[in-house]
1. Long-range amide H contacts for R63: which residues qualify at under 5 Å (H placed 1.01 Å from N, peptide plane, sequence gap of 5 or more or a different chain)?
2. Under a Cβ-Cβ cut-off of 11 Å, what is the net charge of the residues other than M25 that fall near it, where Lys and Arg count +1 and Asp and Glu count -1?
3. Among I4, I18, which comes first, then next, by fewest other beta-carbon atoms within 10 Å?
4. As a test of the formula, what do you get for the chain when each DSSP H run with n ≥ 4 contributes -39,500 (n - 2.57) and the sum is divided by the residue count, at 222 nm and rounded to the nearest 500 deg cm²/dmol?
5. Straight-line reach from K66: which lysines fall under 30 Å, measuring Cα to Cα and dropping same-chain residues less than 8 apart?
6. Would the range 34-103 count as rounded, prolate or oblate if I go by the C-alpha gyration tensor, calling it rounded below 1.5 in a/c and otherwise prolate when a/b exceeds b/c, oblate otherwise?
7. Within the range 1-81, which trypsin sites (Lys or Arg not before Pro) sit in a loop by DSSP and count at most 16 neighbouring Cβ atoms inside 10 Å?
8. Could you please report the charge total around N40, scoring K, R as +1 and D, E as -1 over all other residues with beta-carbon less than 9 angstrom from its beta-carbon?
Amino acid sequence: MNVISCLKGAARNKVVDILENHHVMDGEFEHRLYACPNCNTLHERFYVHLEYDDGKAFEVAFRCGKCRTPLEVVDENVLVLERYACKSCGKRELERGAEMLWD
């Protein structure tokens, strides 16, 4: 699967532009867990960071779909699920599921 298909809108267009028109020196991409500090909700997003043209960098930034507050990366090693509400019902009853490796 091409990682570009995981991106949407302006971020996708910017990544395509960089890949087609610039010299990419390094890149990082992965699924990450983010939190909205305003709504206290969790969000999974596809993170991309590209370094190109000897010193330039691009990093995808995300906002909460509800309140438009910038999302913050969650350190999954210290994640306290009781702190976050379900985006659908608002209850603070989230449970950690099974983890798996993929590629």
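What follows draws every value from the coordinates through simple rules; no lab data is involved. Everything numeric here is computed off the predicted structure, so don't read it as measured data. Methodologically, a virtual Cβ is constructed for each residue, glycine included, from the backbone with ideal geometry; neighbour enumeration extends over all protein chains shown.
1. Counting only residues 5 or more places away or on other chains, the set is L71.
2. With Lys, Arg at +1 and Asp, Glu at -1, the neighbours total -3.
3. I4, I18
4. Here the helix-only value at 222 nm equals -4000 deg cm²/dmol.
5. Partners within reach: K8, K14, K87, K91.
6. It comes out oblate by the Cα gyration axes.
7. K8, K66, R68
8. Charge balance in the 9 Å sphere: +2.
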